[in-house]
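A short worksheet on the structure shown next.
The values are calculated or read from the model by the stated rules, or taken from the named source; none is laboratory data. All values derive from a computational prediction rather than experimental measurement. Neighbour counts run over all protein chains shown; Cβ positions are idealised from the backbone, glycine included. Note: accessible area is taken over every heavy atom of the protein model, side chains too, but ligands, DNA and RNA are not part of it. Shrake-Rupley method; radii C 1.70, N 1.55, O 1.52, S 1.80 Å.
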Amino acid sequence: MEIYIDSTFSKNELIEFVVPIIIRANNNFFVDFYNYIALYNPNLNLVKNEKLLDIHMNVYEINTEIDFDNLQELTKENSEIFFTRNFIAKKALELKINENNNFLRYENSISSIELIISLNTNFLIDNPEIFSYKNSEKIFDLFIYIKLLYLSKKYNYLLESKGSTMIYKINYQPDFNLFMDFWNNFVKLNSKLTPTFLNRISNKTCEKIKNVFTFLPQDTLKELVLKDELFINKLFNEITTLKRIISEEVQQ
């Protein structure tokens with residue numbers, strides 16, 4: 001049984017970057033998106049280098065039994081996912097090597113077909129003062145969420161982000177060319193975010209809106225900031241009305 005891995009990666013990097021793997025068994029091809037083989041078969045013996053799917057691959061041989069329940073057949077749709085996840089793994093490796101200090105980092109999900117975007121620790125090291133202002137991380141989270149949401153909707157991708165963890169999960173479609181267009185726009189967005197944040201956020205800014213974060217959960221704010229001003233005003237009037245009704249009842 002042979003497994004094919006992009007020659008960009010060493011065996012020791014497979015799990016760290018969740019590098020997708022192709023398996024050939026009895027002339028049938030399967031794909032492992034989540035590194036089950038790397039986890040349970042650490043002894044991979046390199047036998048040759050071969051081109052597959054137009055990618056230079058290192059070919060390893062394994063003799064142990066594998067559980068095919070965790071694998072999928074290499075179909076056209078799965079090959080598109082393979083290209084995408086392999087590309088993300090390469091970019092995550094480049095990010096680590098080059099120590100890019102843009103605001104956001106990226107990686108493959110270890111459990112599903114999605115792109116994981118999170119805060120880049122290199123950015124924090126270079127700008128330690130940025131989170132010294134109270135609630136500044138929540139403002140950043142809202143700003144990033146809105147930017148990524150607009151970008152994701154353009155490609156009919158699904159964005160998930162809970163609370164103020166600053167972790168964003170983007171579920172993409174099995175179309176590599178579409179993903180590449182999304183990626184190019186994401187890279188442009190990421191390069192603009194850093195100077196934007198540094199120029200806009202200050203202790204004075206955070207102080208002006210401190211009560212908003214005290215009384216409203218972050219997930220609620222993520223919904224509210226997407227509403228237009230008319231809706232916000234209407235909501236404010238309704239809260240004022242509700243407060244008056246309750247006050248009148250309490251005083252009777």
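Descriptive notes on the structure:
- Conditions (1) open to solvent by 20 Å² or more (accessible area, probe 1.4 Å); (2) more than 21 Å from F186 (Cβ to Cβ); number of the one not met by I97: (2)
- The set of residues in the range 128-154 being farther than 30 Å from M180 by Cβ and either of a type outside the set (S, T, Y) or not assigned by the TED database to the domain that holds Y168 (or both) consists of P128, E129, I130, F131, K134, N135, E137, K138, I139.
- In the set (1) surrounded by 14 or more Cβ atoms within 10 Å (Cβ to Cβ); (2) modelled with pLDDT of 95 or more, N190 fails one condition alone, (2).
- Lone qualifier among N102, N63 - being over 26 Å from M166 (Cα atoms), of a type in the set (S, T, N, Q) and open to solvent by 30 Å² or more (accessible area, probe 1.4 Å): N63
- Once the range 137-163 is narrowed to residues that are in contact with a Phe, Trp or Tyr (Cβ under 9 Å, 6 or more places away or on another chain) and among the small types (G, A, S), the residue that is modelled with the highest pLDDT is S152.
- Qualifying residue in the range 146-157 (condition: under 20 Å from I23 (Cα atoms) and open to solvent by 20 Å² or more (accessible area, probe 1.4 Å)): no
- Residue match in the range 243-251 (condition: hydroxyl-bearing (S, T, Y), part of a helix (DSSP H, G or I) and within 30 Å of F33 (Cβ to Cβ)): no
- Within the range 105-127, considering residues that are free of Cβ contacts under 8 Å to residues at least 60 places away in the same chain and over 19 Å from T194 (Cα atoms), the one least open to solvent (accessible area, probe 1.4 Å): L115
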